[in-house]
Amino acid sequence: MIILLFFGCSQFVMAESADSTQLQPGFSLEYTGELQTDFKTTSMVNLLHLHAEMPLSHSLSFQATSLSVASTQDELLFENMMGYSNIDAYDKSFALQKAGLQWHINDSHTLFAGIRCMDEDYFCSDGLSLYTNPSCGIFPTISCNYFVPTYPFAAMGLHYAYETDRLCLQASLYNGTASQGFSGRDNVFRFCPKSDGIFALGQAEYRYHDSRYFLGASLYNAYEYDVYFDGEDFQEKILGRKSYATMWAYAEQALSSRCMLILAYGHSFNGDDWLRNYYGVGAQYALGKVRFGLFSDYVRMMGINEWNTELVCHLPLNDYLSVKPVLHILNSDGKTQCIGLLRLTVKM
């Protein structure tokens, strides 16, 4: 009903515009199919993104993005903390990743209000997006410690961006608890900072020739709970509100027109967090349109040391179709396992 209302408004505005040819709705889809194997068993993950943009005026538009996930099994082929596929998720027929109004204030400033996923704006650079390691999509010093709006979850919030040729500044404010559903407490339309807390983050990006440098920080403010067993069931006791701060930095340093070096670091300032530090190093090489990548990252969580080394190749077959063969070498708690992925992506 909401979408139909906005669509009707957009048609009315376009009919009234003198230059309506520039105000046509846009629709796109992206399908990702991924075959996973530990070289004994296999599984399949399917992800569908649908995107719509409906201009309401030359500076205001309604944007919506949904996801649907279907997989052949719920469990990972190898139990580890960081994962090996950034599209792994429980089956979901439909969930919103973005739905709201985007205001292009001018050529440099934009403001968005509504449902949004932080993957739209953070940790989505060209360098990190080559890899399938989920920790490249959002550093685990954030994703493993707090329930924030990152894939496959979203939350109500505001996002502001200032962008020039060399500089990009971003700031976001979200409801402190992410969601997927449409009713009850698991309601993606919730904005209840008093009970759910808040999640705020910002990032500065500087571009120099083919190199890019990122520095960001986040603040998560929510109730702290003490969980105890009363003899019959587990109970929660509210201890009060507490703030949790993190920071991150990473660089994509161009060594030549074909070769790039990536360095990444994330840190949590809260001594009680499960994961305090994240380290990553990688390299990429381009041969025409084909890209080869190597990335290795390390975390220590709950006394467990874990490494994930990824070898990846991105093969664009045409403007719509690409293939990505991947090999992960995982070492968690002294156990080593190789995981192979074959990812097919279709964009239309």
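Quick note: the coordinates plus some simple rules give every number you see, no bench work behind them. All figures in this text were calculated on a predicted structure; none of them were measured in a lab. Virtual Cβ from ideal backbone geometry, glycine too; neighbours counted across all protein chains shown.
Annotations for the structure displayed:
- For R300, the shell of other residues with beta-carbons less than 14 Å away shows a net charge of -3, using +1 for Lys and Arg and -1 for Asp and Glu.
- Taking a ≥ b ≥ c as the square roots of the eigenvalues of the Cα gyration tensor, region 16-115 is prolate, since a/c reaches 1.5 or more and a/b is larger than b/c.
- Label point at T37 placed 7 Å out along Cα→Cβ; residues across region 66-89 whose backbone nitrogen lies under 20 Å: 71-79, 84-88
- Sorted largest first, the spans of the alpha carbon positions of the chain along the three principal axes are 67, 59, 40 Å.
- Region 61-129: Rg to Rh, with Rh as the Kirkwood radius over Cα pairs: 1.08
- Summed side-chain charge close to K98 - residues other than K98 whose Cβ falls under 14 Å, Lys, Arg +1, Asp, Glu -1: -4
- Directionally averaged projected area (convex hull, Cα atoms, region 267-348), nm²: 7.2
- Check: the chain dipole with +1 on Lys, Arg Cβ and -1 on Asp, Glu Cβ, in debye: 540
- Lysine pair count for the chain (Cα-Cα distance under 27 Å; residues 8 or more apart in sequence or on different chains): 14.
- Here the simple spin-label model places points 7 Å from the Cα toward Cβ, and for C124 and S28 these points are separated by 1.0 nm.
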